[in-house]
Amino acid sequence: MGKEFWTIAEVVEVFEIGEDVLEELEQGEVLCPVCREDSSVKLFPAAELEKLRIAKILIEDMGVNLPGVQIILRMRQTLFEMRRQQFDEILEDLAKQRQENINGTRRKDRGVRPKARHNQSV
């Protein structure tokens, strides 16, 4: 799906879903279409279409009701956010370790190196 925004008609055609179902998902705050300033036409951002795809599977294939879809999608979003946060924390830790390694190497380079000892026989 290369388009950034989709009209209701496009969504209905591509996803083979009724406008009434779209409206129900919107009222249930599962989907959040946007309206541009210069138009009153509702448009669906690409990210909303992924939620629609999942909602359609849950409803049609698994028999999940609207409140169940809301809970599942909310939990999914929470899991993604937790993963993103964990990933960010891992990257921060790696960056700190890298910086500590760089600083440690610089300290060694600046330090006084011991002079080589020559064995002298007396």
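Okay, here's what the table says:
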| item | result |
| --- | --- |
| Members of the range 40-51 found to be assigned to a helix (DSSP H, G or I) and either modelled with pLDDT of 95 or more or of a type in the set (D, E, K, R) (or both), listed by number | E48, E50, K51 |
| Selection status of I8, open to solvent by less than 70 Å² (accessible area, probe 1.4 Å) and more than 17 Å from R74 (Cβ to Cβ) | yes |
| Matching residues in the range 58-78 - criterion: being among the β-branched types (V, I, T) and open to solvent by less than 70 Å² (accessible area, probe 1.4 Å) | I59, V64, V69, I72, T78 |
| Answer residue from the range 25-35, given it is out of contact with any strand residue (DSSP E or B) (no Cβ under 9 Å at 6 or more places or on another chain) and either of a type in the set (V, I, T) or open to solvent by 100 Å² or more (accessible area, probe 1.4 Å) (or both) and is farthest from E48 (Cα to Cα) among those | Q27 |
| The range 11-20 - residue that is free of Cβ contacts under 8 Å to residues at least 24 places away in the same chain and not charged (D, E, K, R) and, of those, surrounded by the fewest Cβ atoms within 10 Å (Cβ to Cβ) | G18 |
| Counted residues, the range 65-82 - those being within 14 Å of G28 (Cα to Cα) and out of contact with any Asp or Glu (no Cβ under 9 Å at 6 or more places or on another chain) | 8 |
| Cβ-Cβ under 8 Å pairs, at least 6 apart or on other chains, the range 57-82 side free of Cβ contacts under 8 Å to residues at least 60 places away in the same chain and in a helix (DSSP H, G or I), far side among the charged types (D, E, K, R) and open to solvent by less than 60 Å² (accessible area, probe 1.4 Å) | L73/K51 |
| Condition broken by G104, with the remaining ones in (1) open to solvent by 80 Å² or more (accessible area, probe 1.4 Å); (2) of a type in the set (G, A, S); (3) outside any loop (DSSP other than H, G, I, E, B) satisfied | (1) |
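The values are calculated or read from the model by the stated rules, or taken from the named source; none is laboratory data. Everything quoted here is computed from the prediction, not taken from an experiment. Cβ sites come from the backbone with ideal geometry, for glycine too, and all protein chains shown count toward neighbours. For accessibility, only protein heavy atoms count, side chains too; no ligands or nucleic acids. Shrake-Rupley method; radii C 1.70, N 1.55, O 1.52, S 1.80 Å.
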